[in-house]
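Asks: Dropping the structure in here first, questions after.
The values are calculated or read from the model by the stated rules, or taken from the named source; none is laboratory data. Note that the structure is predicted; figures quoted are calculated from it, not measured. Cβ atoms come from the backbone with ideal geometry, glycine included; neighbour counts cover every protein chain shown.
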Amino acid sequence: MKILITEDYEQMSRHAARILASQLTLKPDSVLGLATGGTVTGMYQRLIALHREDGLDFSQAQAFNLDEYLPIAPEDPQSYHTFMQTHLFSQVNFSAGSTHIPNGLAADAEAECRRYEASIEAAGGIDIQVLGIGRNGHIGFNEPDITFEAGTHQVTLDEQTLLDNARFFPSVAAVPKRAISMGIKTIMHARRILLLASGLEKSDAVHRMINGKITPALPASILQLHPDVILVIDRDAAALLPEGLRTSGSVAKEAQHV
Ligand code: F6R
């Protein structure tokens, strides 16, 4: 695991955007795994700026998002389809048909999970997967559990996740209770993983992800087993890490125990 600790959210967003931009520059037809949520919006703004100002090109790339609520219409203002259109897709030059998000209105959600997983495989797998992390240690919508779910699957959202995501909805009751999410195997098959975290409220999950035991009770802990993970986290999110890992700097540090 490489750990890059930044001063703040802005610097985290800039570094993360640079990593994605270099991926696209070196491999223009990259398959990007993307996330939604408050953590990644700054990175998307930076990518849009790199597209407008430096010609960063998305035209040969493909994108697969981690998850979508169930049920939700794509045009619903709170859907992840709308989120991605607003925060990235409508402002850069992905080619038509190259961005993918699970269908939150699928009549047969199980079949939709199988279709989504197969379409990632058909694209050749994910080159770089962007992840945020939940306060409960979830990645995608893989919630704390007693086992790791493998492929794209239906999930029931954790109470904590409903409360955390209520800020995007009129009320907690309005947050859909279910979702379709890439599974742990889908995420672990990505060739590289870029995880972002910002804020003190993520510090406990970040600490347990890096230093705790590998357990489905803290789904992000499985990333200790992935050979190519970059964590870009701000100082607050790093607050509980051991002293040696905590100083901010532009050189990525290797977690000592991995
Ligand atoms: C979003 C996703 C989630 C978020 C996580 C953090 O597609 O899969 O795992 O990355 O809940 O959300 P924020 O960034 O809003 O704190």
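Asks: If I filter segment 90-101 for residues that are within 21 Å of L196 (Cβ to Cβ), of a type in the set (F, W, Y) and within 13 Å of the ligand (Cβ to nearest atom), do I get at least one hit?
Replies: So far as segment 90-101 goes, no, none of its residues is within 21 Å of L196 (Cβ to Cβ), of a type in the set (F, W, Y) and within 13 Å of the ligand (Cβ to nearest atom).
Asks: Quickly run through segment 35-83 and pick out the residues that are touching a residue at least 60 places away in the same chain (Cβ under 8 Å) and of a type in the set (D, E, K, R).
Replies: Scanning segment 35-83 gives D67, E68.
Asks: Going by the structure shown, is S203 small (G, A, S), surrounded by 22 or more Cβ atoms within 10 Å (Cβ to Cβ) and within 15 Å of the ligand (Cβ to nearest atom)?
Replies: Considered against the rule, which asks whether it is small (G, A, S), surrounded by 22 or more Cβ atoms within 10 Å (Cβ to Cβ) and within 15 Å of the ligand (Cβ to nearest atom), S203 comes out as no.
Asks: Could you tell me which of the residues L157, L131 is within 16 Å of L32 (Cβ to Cβ) and of a type outside the set (S, T, Y)?
Replies: After ruling out the rest, the residue left standing is L131.
Asks: From S181, S119, grab the single residue that is away from the ligand (no atom under 16 Å from the Cβ) and either of a type in the set (V, I, T) or more than 23 Å from A17 (Cα to Cα) (or both).
Replies: S119 is the lone residue from the list that is away from the ligand (no atom under 16 Å from the Cβ) and either of a type in the set (V, I, T) or more than 23 Å from A17 (Cα to Cα) (or both).
Asks: Still on this model: Name the pairs whose Cβ atoms lie under 9 Å apart, with the first residue in segment 3-15 and of a type in the set (K, R), the second part of a helix (DSSP H, G or I), and 6 or more positions between them or separate chains?
Replies: R14/G42; R14/M43; R14/R46
For (1) farther than 30 Å from C113 by Cα; (2) polar (S, T, N, Q); (3) crowded, with 23+ Cβ neighbours inside 10 Å, each residue gets a yes or a no:
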{"position": "M12", "(1), (2), (3)": "yes, no, yes"}
{"position": "L26", "(1), (2), (3)": "yes, no, no"}
{"position": "L34", "(1), (2), (3)": "no, no, yes"}
{"position": "G38", "(1), (2), (3)": "no, no, no"}
{"position": "R46", "(1), (2), (3)": "yes, no, no"}
{"position": "R52", "(1), (2), (3)": "yes, no, no"}
{"position": "Q62", "(1), (2), (3)": "no, yes, no"}
{"position": "P77", "(1), (2), (3)": "no, no, no"}
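Asks: Next up: I'd like to verify a number: residues in segment 114-154 that are over 16 Å from the mean Cα position of the chain (by Cα), at pLDDT 95 or above and among the hydroxyl-bearing types (S, T, Y), how many?
Replies: 2
Asks: If G151 satisfies every condition in (1) under 24 Å from I48 (Cα atoms); (2) surrounded by fewer than 22 Cβ atoms within 10 Å (Cβ to Cβ); (3) touching a helix residue (DSSP H, G or I) at 6+ places or on another chain (Cβ under 6 Å); (4) not polar (S, T, N, Q) but one, which is the exception?
Replies: Going through the list (1) under 24 Å from I48 (Cα atoms); (2) surrounded by fewer than 22 Cβ atoms within 10 Å (Cβ to Cβ); (3) touching a helix residue (DSSP H, G or I) at 6+ places or on another chain (Cβ under 6 Å); (4) not polar (S, T, N, Q), G151 breaks only (1).
One line per residue, one yes/no per condition, for (1) under 16 Å from I126 (Cβ atoms); (2) among the small types (G, A, S):
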{"residue": "A35", "(1), (2)": "yes, yes"}
{"residue": "E68", "(1), (2)": "no, no"}
{"residue": "M84", "(1), (2)": "yes, no"}
{"residue": "S98", "(1), (2)": "yes, yes"}
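Conditions (1) aromatic (F, W, Y); (2) in contact with a helix residue (DSSP H, G or I) (Cβ under 9 Å, 6 or more places away or on another chain), marked per residue:
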| residue | (1), (2) |
| --- | --- |
| M43 | no, yes |
| A49 | no, yes |
| R52 | no, yes |
| L56 | no, yes |
| N65 | no, yes |
| Y69 | yes, yes |
| T86 | no, no |
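Asks: Only residues that are touching an Asp or Glu at 6+ places or on another chain (Cβ under 8 Å) and buried (at least 20 other Cβ atoms within 10 Å of the Cβ): list them for segment 104-125, please.
Replies: Once the filter is applied, which keeps residues that are touching an Asp or Glu at 6+ places or on another chain (Cβ under 8 Å) and buried (at least 20 other Cβ atoms within 10 Å of the Cβ), segment 104-125 yields only G104.
Asks: Can you name the strands (runs of 3 or more DSSP E) wholly within segment 1-85 that have at least 2 residues being more than 16 Å from the ligand (Cβ to nearest atom) and more than 20 Å from R178 (Cβ to Cβ)?
Replies: 2-6
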